[in-house]
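Below is one structure, written out as structure tokens; comments come after it.
None of the figures in this text is laboratory data; all of them are computed from the coordinates on show. From a predicted model like this one, the values you see are computed outputs, not experimental measurements. Positions of Cβ are generated from backbone atoms using ideal geometry, with glycine treated the same way; all protein chains shown enter the neighbour counts.
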Amino acid sequence: MNPSNEKLEDLDQELRATGWPTRWERFRLPVELEGRTFLDVGCWEGVHCAEAVRRGAAEVVGVDLCTSPELLDNVERYGFDFAQMDVFGESFPALGKFDVVLCSGLFPTAQSPALLLSRLRNVSGDLLVLETPVTEVGGSDPVLLFQGGDDGTPNRSHWWAPNVVCVERMLAAAGFAGISKVWDKPSDGGAAGRACFHAVPSERADRRSLQPRRPKDMSVNGGSRMKHRGDKPS
């Protein structure tokens with residue numbers, strides 16, 4: 001048995017001992033990734049990246065702002081790439097597209113969750129797997145609760161708590177189709193519920209959400225303000 005196979009078998013045993021295969025299966029991540037590319041946005045210690053290596057991915061990249069000794073150990077042991085960067089920074093789009101993109105737990109920590117989904121669409125080739133805490137507030141109406149700055153918030157790093165309908169609508173507005181909830185965990189006492197969604201990039205993003213005004217209604221000369229000020233367009 002060569003060393004790489006020994007590493008993969010050791011990884012399999014470790015993941016089973018800590019329950020990670022169950023988490024992978026709950027999110028309905030691909031059983032096999034042979035020849036495909038995998039990106040984990042907000043990869044933490046890189047456990048999912050290591051699992052993607054085990055499942056035969058041709059290229060595996062983890063992205064996060066933070067690092068840890070555990071992440072370094074996994075990078076060195078399993079051979080995936082790690083990029084320390086901000087998903088909202090200039091370098092993120094340069095990563096290119098990946099067949100499968102996982103983003104778990106990042107949605108509520110983003111100050112601009114709609115922009116986060118737009119950025120994820122830019123790097124998603126075939127499938128986005130989005131897992132996030134969710135609220136039951138709102139029922140069938142899309143609701144995005146603001147939590148930032150509240151001393152009573154259980155997790156001070158969380159800005160937002162979306163409900164399921166909100167996540168689905170926002171994914172559609174960001175340019176995804178084939179959106180489905182593949183797993184959920186109801187809230188339990190003080191703990192928030194969680195849900196996981198699959199989404200496929202559509203041919204084109206719906207730009208109406210970014211440019212709601214019709215071009216023919218927009219004055220090239222700046223509208224009435226220019227007239228009131230007496231300025232002339234340059």
Extension gain GLU34-ALA172, at 0.36 nm per residue separation less the Cα-Cα distance, in nm?
-> 46.8 nm
Which order, highest average first, do 136-143, 116-123 follow once you tally other Cβ atoms within 10 Å for each residue and take the mean per peptide?
-> 116-123, 136-143
Determine ³J(HN,Hα), in whole Hz, for all residues of the stretch 170-183 in sequence, where each value follows from phi through the Karplus function 6.51 cos²θ - 1.76 cosθ + 1.60 and θ = phi - 60°; x replaces Gly and Pro.
-> 5, 4, 5, 5, 7, x, 10, 9, x, 7, 8, 8, 9, 6
Please report, for the Cα atoms of the stretch 3-203, the Rg to one decimal and the Dmax as a whole number; what are they, in angstrom?
-> 16.7, 53
Full-extension gain in nm, SER68 to ASP126, via 0.36 nm per residue minus C-alpha separation | 17.9 nm
Given backbone amide H placed at 1.01 Å from N, residues whose amide H is under 5 Å from that of PHE197, ignoring those fewer than 5 places away on the same chain, are LEU130, GLU131, VAL182
Plugging the Cβ-Cβ distance of ALA58 and SER112 into 1/(1 + (r/R0)^6) at R0 = 25 Å yields, to the nearest 0.05, a FRET efficiency of 0.20
Distribution of pairwise C-alpha distances over the stretch 71-152, 10 Å bins, in % | 14, 39, 32, 13, 2
Multiply the residue gap between ALA94 and VAL182 by 0.36 nm, knock off their C-alpha separation, and tell me the result in nm, one decimal place.
-> 28.7 nm
